[in-house]
Each structure stands twice: as C-alpha cells, then as structure tokens.
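Engineer: I am attaching a structure below and will ask some questions about it afterwards.
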C-alpha cells in the first residue's frame, strides 16, 4: 500500500494541548486493539487524556519530541512516536524511542517506518548518536525494528504485561546514528 496518503510532522506542546482528545483516542484504540504500550485494556478515555496532558510540559521543555502521522485527505491522526533525549550530562549523545503507535485501521501503510525515520533524522540533526528502545518480544513491532536496521541486544523475561495483563518478555534494541 502507498504511504503517500499520510503526512509526518513534529508536534509542538501547543498542538498537543489542543489535540489531547484526539491523541487519547489513538492511545485508547491502540491499547484496546492489543498493542503493548504500557497500559491495560480497557483503557478509560479519562486516563488516556490525563496521560497525554501530562506530556505537554515535557514537550514544551524539550525533554520530549513528538511526531504524528496524519491522513493527508482529512488530517485524522493515524500514528505517533516519541523521542526522549537523555537528560544526564554523560548521556546527551543518546535518546530513547517511546510509544510508537499506529491506529489499527491505518496499519499496512508503512507509517511506523516513516515515523521512525523522521525521529532518527531529527535525532541525528540534534547530535544524538545512539538510540535505544524496547518492544514486546515476538510482536510485529519487533520485526519492523529489525527491518529498519536496529540491532537486537537481547530480551528480558516477564518485563511487561500486554493489555490483558499477561506477562511477556521484551526485546531491547539500539541503533547507531553515526554514518
């Protein structure tokens, strides 16, 4: 499927604040659809909204960078990803990829890869040389990261639960942005 029907952009704190309900809908749908992104199903809309609202100050302070993928035709939020640059003096060369989500109805358009590529490009431009992330072992996301050139470090048993509360291992990945 073509990936040209979506626009990937970085989001400001003001944009997130204005669109909290839309972001909450994406998170709720992602979790209720079975994706392991740190929440249990069913995810209440108020909990989802509160979580996004709490990110606004992080985004405003530069402790978080956020991207969206939106449908070009109607602007509908289809996906998102976060970069958390390390805050410590000895870690400013690295960052963590977090909460890569694509709405179930929008999967199959390579949006996860496009969001990840935008994050990697911006991270490299800002001096970040190393990215890390974790994802549920055996998930489609794990295969996507491998295909995108990420290096598997290993797995940690019983690291987190899926949305139903079942424990699963997680796989740790890294990617060097030094070219």
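Engineer: When the Kirkwood radius is taken over all Cα pairs of the stretch 109-179, what Stokes-Einstein diffusion coefficient follows at 4 °C and 1.567 mPa s, in µm²/s?
Structural biologist: The Stokes-Einstein estimate is 99 µm²/s.
Engineer: Next question. What's log10 of I(q)/I(0) for the chain at q = 0.08, 0.09, 0.11 Å⁻¹, Debye sum over Cα points only, no solvent?
Structural biologist: -0.23, -0.30, -0.45
Engineer: Label the stretch 51-131 by shape, choosing from rounded, prolate and oblate, from the square roots a ≥ b ≥ c of the eigenvalues of the Cα gyration tensor; if a/c is under 1.5 it is rounded, and otherwise prolate applies when a/b is larger than b/c, oblate when it is not.
Structural biologist: Verdict is prolate for the stretch 51-131.
Engineer: Next question, about the same structure. Based on DSSP H runs of at least 4 residues, each adding -39500 (n - 2.57), what is the mean residue ellipticity at 222 nm of the chain after dividing by all its residues, to the nearest 500 deg cm²/dmol?
Structural biologist: -10000 deg cm²/dmol, from helical runs alone.
Engineer: Could you list, bin by bin from short to long, the percent of Cα-Cα pairs of the stretch 1-71 in 10 Å steps?
Structural biologist: The percentages, shortest bin first, are 19, 45, 32, 4.
Engineer: I've got another one for you. Take the alpha carbon gyration tensor of the stretch 33-76, find the square roots of its eigenvalues, order them as a ≥ b ≥ c, and report rounded if a/c is under 1.5; if not, report prolate when a/b exceeds b/c, else oblate.
Structural biologist: Values: a/c = 1.90, a/b = 1.07, b/c = 1.77.
Here the stretch 33-76 falls in the oblate category.
Engineer: Right, here's the next one. If you average the alpha carbon positions of the stretch 95-115 and of the stretch 117-179, how far apart do those two centres end up, in angstrom?
Structural biologist: For the stretch 95-115 versus the stretch 117-179, the Cα centre distance is 12 Å.
Read the figures in this text as sums done on the coordinates, not as results from a lab. Note that the structure is a prediction, hence the values are computed from the model and not measured.
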